[in-house]
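See below for the structure under consideration.
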Amino acid sequence: MAVKKRSKVNAEFNMSSLTDIIFLLLIFFMLTSKMVNIKIQLPESNSTTVAPIDLPVMLTVDGKVSVVGKPSSMAMLEKDIAFAVRKTNNKSNATLNIISEVGVPWENVHKIIAIASGLKIKAIIATQPSK
């Protein structure tokens, strides 16, 4: 009588199902991260540099926006900033100062920075002095 050989157990692991799960998790976190509202405090600064205040853009927590002291809206913001740049005497070195209250959504500040980049002017964020 012949003795049967035991077949060895294959110790390999099939990774195809694991990669599917990882990609699904990646897609899930990418989609849900857009929905999460991250509240950040604007940075405090110990810098003593005083920037020129050519074009102040003010944002408040209740959604009010003003460009060079005149009320505006997020929809009309790009037109108002472009108009203010054309009216300024210092067109080549115009600086957009973003003055925002603590609690303003970061997306609003980012939109103003993107507008300034599109108009090819400098944008700085006003900070409060560190305590």
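Rule-based calculations on the coordinates, nothing more; no lab input. A quick note: this is a predicted structure, and the numbers were derived from the prediction, not measured. We place every Cβ from the backbone using ideal geometry, glycine too, and count neighbours over all the protein chains shown.
Numbers below:
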item	result
Net charge contributed by nearby residues that have their C-beta within less than 14 Å of GLU78 (K/R +1, D/E -1)	+3
Shape call, region 44-129: gyration tensor on alpha carbons, a/c limit 1.5	oblate
Relative contact order [Cα under 8 Å, 6+ residues apart], region 44-129, whole percent	34
Total charge dipole magnitude, region 67-131, about the Cα centre, Cβ charges on Lys, Arg, Asp, Glu only, Debye to nearest 20	300
